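One structure below.
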């Protein structure tokens, strides 16, 4: 596996998801099982607002945060099981070694209703007919992005395509939700239409995004290239290997050689302590911090603190850096500020801000925690 490939081996179910979600021309098709003409659906305790929720766009998994079932998923699971009384709960979360899967965000649910069981198939037919009718009006209210059953997939963002060919999923309905749906902030649960929650934002191309704990209604900037890399492979939750054991020794957790919950928690704590994006993954930045000798490419290679500041003065006069900035310029700033090597991430976190404020005070600048062209000039002397 290439060191920047953050997705592990793909299991069969996830391979089906990736194939089914591929964009391209499609011909509207029939449902996965015969649908009733008057389906029995779910009942909301809130009236339908006008206008209703916008069509959820496809929001694929970009972060590794599979240890929590989101509230909207839990409420949907409970209501479906109560309404239809068939099948069983199945799973919501899953390891991040499966490939791109909303299970790894805790925002997907597998409702175990087997197509070979008459009652279970009927329950699935009622739910899916109700969910997808009227161009997915009810899917919009629930924040359901797509569903898969009996070798067919339907996506609300491609509702005009109808049911497209897929594979597998004969023993369960797979339901993936948008971030609004997963957090339970849709009109079905609240009676109100909320701003679109864009979910986690990828900072560095080819790497996992930091975990998210609250709604992101501002959107995401385009990811940037990593300003340094290592000889290690990214290891997300669920990954195994001798290198994981090596990292566990340094993190002070039991050497299981698997990224388990305890290891993930320790990784996140380490990342917070060293101004690294809090991904919970043994990613490039974390490996570079834990094992500096593994760094095989760095934008500040050969730079001293003084030469880094001069480089910034000469190259970043029109660049403003602040909390959340990322890329080569941030790495140069971190080197120039004399920050510990373990914190050279290329991401502008709280430690970088504090170091910059101290340096600004030292050279007689206002401690704004924001680096402008004038700050580079003053710091370089």
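The values are calculated or read from the model by the stated rules, or taken from the named source; none is laboratory data. Because the structure is a prediction, the values reported are computed rather than measured. Counting neighbours? That spans all protein chains shown, and the Cβs are built from the backbone with ideal geometry, glycine included.
Looking at 143, 136, 99, 87, just one residue is modelled with pLDDT under 95 and at positive phi, and that residue is 99. The condition of being crowded, with 16+ Cβ neighbours inside 10 Å and more than 17 Å from residue 234 (Cβ to Cβ) holds for only one of 290, 309, that being 309. Checking each residue of region 88-106 against the condition of being in contact (Cβ under 8 Å) with a residue 24 or more places away in the chain, under 24 Å from residue 57 (Cα atoms), assigned by TED's automatic domain parsing to the domain that holds residue 63 and assigned to a strand (DSSP E or B) gives no match. Taken over region 348-375, the criterion of being part of a helix (DSSP H, G or I), within 23 Å of residue 298 (Cα to Cα) and in contact with a strand residue (DSSP E or B) (Cβ under 9 Å, 6 or more places away or on another chain) is satisfied by 352, 356.
Residues that are surrounded by 24 or more Cβ atoms within 10 Å (Cβ to Cβ) and either touching a helix residue (DSSP H, G or I) at 6+ places or on another chain (Cβ under 6 Å) or free of Cβ contacts under 8 Å to residues at least 40 places away in the same chain (or both) within region 178-198 comprise 181, 182, 186, 188, listed in sequence order. For region 107-116, taking the residues that are assigned to a loop (DSSP other than H, G, I, E, B) and in contact with a helix residue (DSSP H, G or I) (Cβ under 9 Å, 6 or more places away or on another chain), the one that is surrounded by the most Cβ atoms within 10 Å (Cβ to Cβ) is identified as 107. Inside region 19-78, residues that are at pLDDT below 95 and over 29 Å from residue 191 (Cα atoms) make up a count of 12.
Under the condition of being surrounded by 14 or more Cβ atoms within 10 Å (Cβ to Cβ) and touching a helix residue (DSSP H, G or I) at 6+ places or on another chain (Cβ under 6 Å), which residue from region 360-370 is nearest to residue 340 (Cα to Cα)?
Here the answer is 369.
Of all residues in region 246-293, those that are within 23 Å of the chain's Cα centre (by Cα) and in a loop (DSSP other than H, G, I, E, B) total 11.
Residue 345: within 25 Å of residue 251 (Cα to Cα) and part of a loop (DSSP other than H, G, I, E, B), yes or no? It is true that residue 345 is within 25 Å of residue 251 (Cα to Cα) and part of a loop (DSSP other than H, G, I, E, B). Yes or no: residue 147 under 19 Å from residue 101 (Cβ atoms), free of Cβ contacts under 8 Å to residues at least 40 places away in the same chain, crowded, with 18+ Cβ neighbours inside 10 Å and over 15 Å from the mean Cα position of the chain (by Cα)? Yes.
Can you pull out the residues in region 73-87 that are over 10 Å from residue 106 (Cα atoms) and either touching a strand residue (DSSP E or B) at 6+ places or on another chain (Cβ under 8 Å) or not in a loop (DSSP other than H, G, I, E, B) (or both)? Within region 73-87, 75, 76, 77, 78, 79, 80, 81, 82, 83, 84, 87 qualify.
Among the residues making up region 174-196, those that are assigned to a loop (DSSP other than H, G, I, E, B) and within 20 Å of residue 93 (Cα to Cα) are 178, 184, 185.
Can you pull out every residue in region 45-72 that is outside any loop (DSSP other than H, G, I, E, B) and over 16 Å from the mean Cα position of the chain (by Cα)?
71, 72 - these are the residues of region 45-72 that are outside any loop (DSSP other than H, G, I, E, B) and over 16 Å from the mean Cα position of the chain (by Cα).
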